[in-house]
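S.K.: Below is one structure. I have some questions about it.
The values are calculated or read from the model by the stated rules, or taken from the named source; none is laboratory data. What you see is a predicted model, and the numbers here were worked out from it, not measured in a lab. Note: ideal-geometry Cβ built from the backbone for every residue, glycine included; neighbour counts use all protein chains shown. Please note that ligands, DNA and RNA were not included when accessible areas were found on the heavy atoms of the full protein model with its side chains. Shrake-Rupley method; radii C 1.70, N 1.55, O 1.52, S 1.80 Å.
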Amino acid sequence: MIIAVDGPAASGKGTLARALARHYGLHYLDTGSLYRAVGQAVLAAGGDPADEKAARAAAEALDASQIDEKAIRTAEAGHAASVVAAMPAVRAAILDLQRRFAARKPGAVLDGRDIGTVVCPEADVKLFVSASPEIRARRRWLELNNSGSGPSEAQVLEDVRERDRRDAERAASPMKPAADAHLLDTSDLSIEAAFDAAVAIIDKAMG
Ligand code: DC
């Protein structure tokens, strides 16, 4: 069983996908962490994420078991991630890794931008999770403040809008709902209510 959970930054898809994996007893992969790790690796080596050669090399060298969860959660790493994610060579380098993960028994929940459209077009259920930019910026700001990196809420909103634009407008696997995705707007939903709504969609789809 494969569940694809796509949506924009800070839509709540990560929290939701993790909870769904636990509920259905499936493996969980946050694919955004792979792009973040690639962007962060380029930054850590003193490089520029816009340098395609450096980004491709970092993607090809990526070891998913060695990701520094704290380092990839900064606003800088998020920005670098959206830059390297626009590069077809970077996407190609980590496509196999994602597909191998999805094939693990008894199944997996993957969250990202292109899981339902490109990585797992055969997924059993596809969710596209969204929320307004203002609400997503507030959630991301609260999250960043917890880790002490401290940008203002207005800066985070600007960053959310810029990343939405870059994720949706890029030529390589742009963020968009698959034709058969179920849309879930979490703007007015608590984490619990979003989870309940997703389970209802999945149980119905699985019969
Ligand atoms: O979900 P996130 O904020 O951790 O994702 C970081 C960046 O990675 C985001 O700008 C888009 C990119 N991404 C992608 O292009 N495809 C995915 N499947 C997951 C993330």
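S.K.: Inspect all residues belonging to the stretch 97-117 and state whether any of them is open to solvent by 60 Å² or more (accessible area, probe 1.4 Å), farther than 17 Å from Y28 by Cβ and out of contact with any Cys (no Cβ under 7 Å at 6 or more places or on another chain).
M.R.: no
S.K.: Search the stretch 156-171 for residues that are closer than 16 Å to A86 by Cβ and pair each with any residue that is basic (K, R) and open to solvent by less than 60 Å² (accessible area, probe 1.4 Å) when their beta-carbon atoms are under 7 Å apart and the residues are at least 6 apart or on different chains.
M.R.: Every condition considered, the pairs that remain are D167/R113.
Here's the yes/no breakdown for (1) assigned to a helix (DSSP H, G or I); (2) touching a Lys or Arg at 6+ places or on another chain (Cβ under 7 Å); (3) buried (at least 20 other Cβ atoms within 10 Å of the Cβ):
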site: R139; (1), (2), (3): yes, no, no
site: G150; (1), (2), (3): no, no, no
site: L157; (1), (2), (3): yes, no, no
site: R165; (1), (2), (3): yes, no, no
site: P174; (1), (2), (3): no, no, no
site: P177; (1), (2), (3): no, no, no
site: L184; (1), (2), (3): no, no, yes
site: E192; (1), (2), (3): yes, no, no
site: D196; (1), (2), (3): yes, no, no
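S.K.: For I3, are the conditions met, namely being crowded, with 24+ Cβ neighbours inside 10 Å and away from the ligand (no atom under 11 Å from the Cβ)? Don't jump to the end; show me each part of the working.
M.R.: On the way: crowded, with 24+ Cβ neighbours inside 10 Å: yes; away from the ligand (no atom under 11 Å from the Cβ): yes.
Taking the combined requirement at face value, the residue satisfies it.
The rows are residues; the columns are (1) away from the ligand (no atom under 12 Å from the Cβ); (2) open to solvent by 10 Å² or more (accessible area, probe 1.4 Å); (3) among the polar types (S, T, N, Q).
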position	(1), (2), (3)
E52	yes, yes, no
E69	no, yes, no
V84	no, no, no
I94	no, no, no
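Condition check ((1) over 24 Å from P88 (Cβ atoms); (2) near the ligand (Cβ under 8 Å from one of its atoms)) across all residues:
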| position | (1), (2) |
| --- | --- |
| G14 | yes, yes |
| G25 | yes, no |
| A37 | no, no |
| P49 | no, no |
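S.K.: Scan the stretch 152-168 and tell me whether some residue there is modelled with pLDDT of 95 or more and small (G, A, S).
M.R.: no
S.K.: Tell me whether the stretch 149-156 contains one or more residues that are among the hydrophobic types (A, V, I, L, M, F, W, C) and more than 10 Å from the ligand (Cβ to nearest atom).
M.R.: First pass over the stretch 149-156, keeping only residues among the hydrophobic types (A, V, I, L, M, F, W, C): 154, 156.
When the remaining residues are screened for being more than 10 Å from the ligand (Cβ to nearest atom), the result is 154, 156.
Yes: one or more hits.
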